[in-house]
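Trainee: To start, I am sharing the structure in question, which I have written as C-alpha cells.
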Amino acid sequence: RMRAEGGRSNVELTTLTGCDWSASSSAEWIRVLTAAGTGSAAIEFEVSSNTGAAREGTLTVADQRLTISQESRPCGYELRSTHVRMRADGGRSNVELTALTGCAWSASSSAEWIRVLTTAGTGSATIEFEVSSNTGAARQGTLDVADQRLVVDQEAAAPPCPLALR
C-alpha cells in the first residue's frame with residue numbers, strides 16, 4: 001500500500017542463480033525502475049503522486065503478480081474569498097473554489113434571498129449565486145461550499161425620500 005504522495009519502493013524476488021526475469025507494470029502511474037535481471041534481486045518501482053480517488057495497479061515480475069494499492073489524496077477545499085458585500089438592489093456574483101481533481105462538493109445557502117446557481121461539482125470551480133433585491137434593513141446570510149463558508153452582507157434598502165409641501 002502506497003501513500004497518496006507516491007514515492008519509491010521495492011519488492012524482493014527470490015529465484016535460482018541464472019534464472020532470467022523481467023518486470024512490468026499494468027498502470028502508467030507505476031514505473032518499474034528494475035526492469036530485468038538474473039537471479040534473486042530487489043525490484044525497485046516508483047509510484048506517481050495521486051490527485052484523485054484510491055487506485056490499484058499490478059506489478060508483474062516473471063510470472064508473479066503484486067497488487068499495488070495507492071491511497072486517495074484527502075480532498076481539501078478553499079474559497080478565494082470568505083466575505084462579499086452586495087448592493088441593496090441585489091444581483092449575481094461568484095466565488096472561486098479551489099479543490100483537487102475528483103473531489104466532489106456541493107453548495108447551499110442559509111438564506112432564502114441567496115439563490116445558488118452552481119449547486120454541485122468536482123474539482124475547482126466558479127460558484128455562481130444570485131442575491132434578491134433588499135427592501136428592508138441590512139442583512140447577512142451564508143453560502144456553504146464543501147467545508148467552506150462565504151458570508152454575504154447586503155446593504156439596506158435606501159430610505160424613502162421625505163417630502164413636504166409648504
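Trainee: In whole percent, how big is the carbon plus sulfur part of the accessible area of segment 1-150, probe 1.4 Å, protein atoms only? Before the final figure, lay out the partial values.
Mentor: Values: 3790 of 8740 Å².
The nonpolar share, carbon plus sulfur, comes to 43 percent.
Trainee: Residues with beta-carbon under 11 Å from that of residue 117, excluding residue 117: net charge, scoring Lys, Arg +1 and Asp, Glu -1?
Mentor: Values: positive: 92, 115; negative: 128, 130.
Within the 11 Å Cβ shell, the charges total 0.
Trainee: Moving on to the next point. Determine the per residue accessible area of the chain with all protein chains present and a 1.4 angstrom probe, expressed in square angstrom. Could the numbers behind the result be given before it?
Mentor: Working: 10230 Å² over 166 residues.
Value for the chain: 62 Å² per residue.
Trainee: What do you get for Rg/Rh over the chain if you use C-alpha atoms and the Kirkwood form of Rh? List each step's numbers first, then the result.
Mentor: Numbers: Rg = 28.2 Å, Rh = 20.2 Å.
With Rh from the inverse mean 1/r over Cα pairs, Rg/Rh is 1.39.
Trainee: Antiparallel as a % of all DSSP beta bridges within the chain, to the nearest 5?
Mentor: Working: 49 of 54 bridges.
Roughly 90 percent of the DSSP beta bridges within the chain come out antiparallel.
The values are calculated or read from the model by the stated rules, or taken from the named source; none is laboratory data. This one's a predicted model, so the numbers in the text were calculated from it and none came from an experiment. Cβ atoms come from the backbone with ideal geometry, glycine included; neighbour counts cover every protein chain shown. Only protein heavy atoms, including side chains, enter the accessible area calculation; ligands, DNA and RNA are left aside. Shrake-Rupley method; radii C 1.70, N 1.55, O 1.52, S 1.80 Å.
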